[in-house]
Amino acid sequence: FDALEAFDPEIAAVLTGELDRLRGGLQLIASENLSSPEVLTALGSTLSNKYAEGYPGRRYYGGCAEVDKAETLAIERCKALFGADHANVQPHSGASANQAVYGAFLQPGETILAMSLPHGGHLTHGTKVSFSGKWFDAVHYGVDKDTEDIDYDEVERLAKEHRPKVILAGGSAVPRLIDFARFRAIADEVGAVFWVDAAHFIGLVAGGAIPSPVPYADVVSFTTHKVLRGPRSGAIVCTEEHRAAIDKAVFPMMQGGPQMHTIAAKAVNFKECATPEYAEYTRRVVANAQVLAGALGEHGIRPTTGGTDTHLSLHDLQGVLVTGADAEARCDAAGITLNKNAIPFDPQKPNIASGIRVGTPAVTTQGMGEDEMRTIARLISRAVTEGDADPEHPVSREVRAEVGELVAAFPAYPRPA
Ligand code: PLP
């Protein structure tokens with residue numbers, strides 16, 4: 001770091017500024033976490049220099065002996081962690097992993113059935129602004145108006161009506177467990193490939209805190225940087241039957257050279273995820289999320305579906321007469337980072353939204369527990385209902401001071417003693 005600081009003080013200042021931001025505030029974005037120093041060390045390594053198009057033992061470049069070892073370890077650890085027949089650890093991100101799944105199973109113009117974005121899906125699940133909605137015919141299911149959980153009868157009805165080539169489960173704002181067996185049965189009924197985008201919850205699966213989609217799905221794509229707590233990247237696991245299609249779709253169909261430093265960091269992360277400490281962490285992530293969702297509800301910030309089974313909850317702010325955009329800005333000014341989010345049947349535009357999404361992966365990594373979740377709920381409630389987007393507003397200042405005390409007791413990346 002000293003050499004970087006001497007050569008490029010501007011970028012060095014960004015690195016220290018971001019570390020200060022992480023240390024100084026509450027990180028409640030459900031898709032973020034705090035990777036270990038070991039993962040970050042692999043990421044910042046000379047493996048970044050290496051071209052290694054192809055797969056271990058079958059490269060288009062010389063000099064791949066060392067990086068082959070890293071990728072083989074990542075593949076084997078990933079397969080063991082999820083009990084999968086095959087793993088491809090090369091996708092650069094969740095969106096890249098998803099693009100490869102489309103490439104493996106669909107021709108342009110063919111039909112996919114996926115969860116709609118405003119009900120909790122993801123941009124890459126067939127929205128018009130994404131390649132997935134431009135190149136493929138996307139049909140969307142949503143949630144039931146009463147339960148606010150996936151409407152499985154609608155999934156079945158749409159599957160029978162549209163006979164999709166692929167049925168996709170998973171999303172970015174799905175607080176409840178997904179019934180993979182039901183999806184599998186529907187996919188079998190119409191002869192569709194069953195794909196799970198497990199980006200959000202795969203870490204909980206790795207730690208055994210929630211059931212796995214792997215025994216049910218043909219293919220599971222995921223990111224490695226959310227609850228999983230690895231580097232910012234993606235991966236795919238699939239059955240033996242689809243191994244060749246997935247590998248060809250990742251390279252050469254979709255990507256060029258794999259990022260070997262990131263693959264090494266994924267290997268480190270998969271090793272971390274196989275430990276009892278990580279399993280315990282995932283159980284605490286869920287317990288914390290349940291307490292936080294319940295406590296916010298007690299403050300009038302209603303959790304959709306009545307709560308959560310996972311690491312995240314989605315909250316309806318209509319009862320406190322604040323928009324998602326205002327809530328996000330007020331929390332930001334108070335040192336609390338979370339995001340506005342559309343709720344199912346949202347009357348607001350997506351960039352305003354009636355909800356917020358909160359997640360516990362990062363604060364649980366910091367060691368916070370259920371008491372702290374109740375404190376966080378109180379601080380969010382105060383910032384949202386009495387606060388202001390101006391950091392100098394007295395409520396912003398007061399909440400920020402309390403946030404400061406809380407995070408000082410549970411530091412992110414603690415300084416060496
Ligand atoms: N799929 C889901 C369900 C996600 O939530 C996300 C990211 O939030 C992605 C895919 C895309 O991942 P990335 O941002 O790594 O491209």
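Bear in mind that the values in this text are calculations on the coordinates, not laboratory data. Being a predicted model, the structure only gives us computed values, none of them experimental. Cβ atoms come from the backbone with ideal geometry, glycine included; neighbour counts cover every protein chain shown.
For the range 315-365, just say rounded, prolate or oblate: build the C-alpha gyration tensor, square-root its eigenvalues into a ≥ b ≥ c, call rounded for a/c under 1.5, and beyond that prolate if a/b exceeds b/c, oblate if not. Please report the intermediate quantities before stating the final value.
Numbers: a/c = 2.28, a/b = 1.59, b/c = 1.44.
It is prolate, given that a/c is not under 1.5 and a/b is the larger ratio.
Kindly put LYS226, LYS266, LYS69, LYS340 in sequence by how many other C-beta atoms sit within 10 Å of each C-beta, fewest to most. Mind dumping the intermediate values first?
Working: LYS226 27, LYS266 32, LYS69 13, LYS340 22.
With the sparsest Cβ surroundings first, the list reads LYS69, LYS340, LYS226, LYS266.
For each of VAL129, VAL399, count neighbouring Cβ atoms within 10 Å of the residue's Cβ, then give the residues from fewest to most. Intermediate values should be presented prior to the final figure.
Numbers: VAL129 9, VAL399 27.
Fewest-to-most ranking of VAL129, VAL399: VAL129, VAL399.
Arrange the following residues from fewest to most other Cβ atoms within 10 Å of their Cβ: TRP135, TRP195. Intermediate results must be reported in sequence, preceding the final value.
Numbers: TRP135 16, TRP195 30.
Ordered by Cβ neighbours within 10 Å, fewest first: TRP135, TRP195.
Full extension from GLU38 to LYS160: what is 0.36 nm times the residue separation minus their Cα-Cα distance, to one decimal in nm? Each step should come with its number before you reach the end.
Working: separation 122, 0.36 × 122 = 43.92 nm, distance 4.81 nm.
Gain on extension, GLU38 to LYS160, equals 39.1 nm.
Let me have the 222 nm mean residue ellipticity of the chain computed from DSSP H runs of 4+ only, each contributing -39500 (n - 2.57), with the sum over all residues rounded to the nearest 500.
On the way: 16 runs with 182 residues, N = 417.
Result for the chain: -13500 deg cm²/dmol, rounded to the nearest 500.
Starting from the Kirkwood radius over alpha-carbon pairs of the range 48-127, derive D by Stokes-Einstein at 4 °C in a medium of 1.567 mPa s and give it in µm² s⁻¹.
Numbers: Rh = 15.1 Å.
My calculation gives 86 µm²/s for D.
Tell me, what is a quarter of the convex hull surface for the C-alpha atoms of the range 104-176, in nm² with one decimal? Don't skip to the end; give the middle numbers.
Details: hull surface 18.9 nm².
With the hull built on Cα positions only, its mean projection is 4.7 nm².
Projecting each Cα onto the charge dipole of the chain (Lys/Arg +1, Asp/Glu -1 at the beta carbon, about the Cα centre), which of GLY355, GLN366, ALA334 comes out farthest on the positive side?
Comparing the listed Cα positions along the dipole, GLN366 ranks first.
Given a cut-off of 18 Å, name the pairs among LYS226/LYS248; LYS69/LYS266; LYS248/LYS271; LYS50/LYS248; LYS134/LYS160; LYS50/LYS266 whose C-alpha atoms lie farther apart than that in the structure shown.
On the way: LYS226/LYS248 26 Å; LYS69/LYS266 13 Å; LYS248/LYS271 26 Å; LYS50/LYS248 21 Å; LYS134/LYS160 23 Å; LYS50/LYS266 16 Å.
LYS226/LYS248; LYS248/LYS271; LYS50/LYS248; LYS134/LYS160, as the Cα separations exceed 18 Å there.
For the range 226-266, rounded, prolate or oblate, judged on the Cα gyration tensor with a ≥ b ≥ c (square roots of eigenvalues), a/c < 1.5 rounded, else prolate if a/b > b/c? Each step should come with its number before you reach the end.
On the way: a/c = 2.72, a/b = 1.42, b/c = 1.91.
Oblate shape, in that a/c is at least 1.5 and b/c is the bigger or equal ratio.
Using a/c under 1.5 as the rounded threshold, could you call the range 372-417 rounded, prolate or oblate? The axes a ≥ b ≥ c are square roots of the C-alpha gyration tensor eigenvalues, and prolate needs a/b larger than b/c, oblate otherwise. Intermediate results must be reported in sequence, preceding the final value.
On the way: a/c = 3.44, a/b = 1.78, b/c = 1.94.
Oblate.
Between the alpha-carbon centers of the range 258-302 and the range 65-113, tell me the distance in whole angstrom.
Cα centroid to Cα centroid, the span is 21 Å.
State the extension gain, in nm to one decimal, for the chain segment bounded by THR239 and LEU177, taking 0.36 nm per residue of separation less the distance between their alpha-carbons.
Values: separation 62, 0.36 × 62 = 22.32 nm, distance 2.22 nm.
Here the segment from THR239 to LEU177 would lengthen by 20.1 nm.
Name the most mobile residue of VAL285, VAL196, VAL14, meaning the one with the largest mean-square fluctuation, in a Gaussian network model of the chain with Cα contacts below 10 Å.
Looking only at VAL285, VAL196, VAL14, the largest GNM fluctuation is found for VAL14.
What percent of all Cα-Cα pairs in the range 187-259 falls in each 10 Å bin, counting up from 0?
Final binned percentages: 18, 45, 32, 5.
Which value does Rg/Rh take for the chain over its C-alpha atoms, Rh per Kirkwood?
Numbers: Rg = 21.5 Å, Rh = 22.1 Å.
Radius of gyration over Kirkwood radius for the chain works out to 0.97.
Counting Lys and Arg as +1 and Asp and Glu as -1, what is the net charge of the other residues whose Cβ lies under 15 Å from the Cβ of GLY359? Let's see the in-between values first.
Numbers: positive: ARG176, LYS226, ARG229, ARG284, LYS340, ARG357; negative: GLU32, ASP309, GLU328, GLU372.
Taking every other residue near GLY359 into account, the sum is +2.
Order the peptides 248-261, 208-221 from the highest to the lowest mean number of other Cβ atoms within 10 Å of their residues.
Values: 248-261: 18.8, 208-221: 22.2.
Answer by packing, highest mean first, reads 208-221, 248-261.
Note the full-extension length gain between THR16 and VAL129 as 0.36 nm times their separation in residues minus their Cα-Cα distance, in nm to one decimal.
Gain in length upon complete extension: 37.2 nm.
I'd like the Kirkwood hydrodynamic radius of the range 347-400, using the inverse of the mean 1/r over distinct C-alpha pairs, in Å. Kindly include the intermediate steps, with their values, before the conclusion.
Working: mean 1/r = 0.0772 Å⁻¹.
One over the average 1/r among Cα pairs gives 13.0 Å for the range 347-400.
What list of whole percents do you get for P(r) of the range 271-417, with Cα-Cα distances grouped in 10 Å bins up to the one holding the largest distance?
12, 40, 34, 12, 2, 0
Per q in 0.12, 0.18, 0.21 1/Å, what log10 I(q)/I(0) does a Debye calculation on the alpha-carbon atoms of the range 1-146 return?
For the range 1-146 at q = 0.12, 0.18, 0.21 Å⁻¹, log10 I(q)/I(0) is -0.85, -1.19, -1.23.
Could you state the per residue volume, in Å³, of the convex hull enclosing the Cα atoms of the range 130-246?
On the way: hull volume 14.4 nm³, N = 117.
So the per-residue hull volume is 123 Å³.
Where in the range 370-399 does the amide nitrogen come within less than 13 Å of the point 7 Å from the Cα of GLU405, taken along Cα to Cβ?
The answer is 375-376, 379, 398-399.
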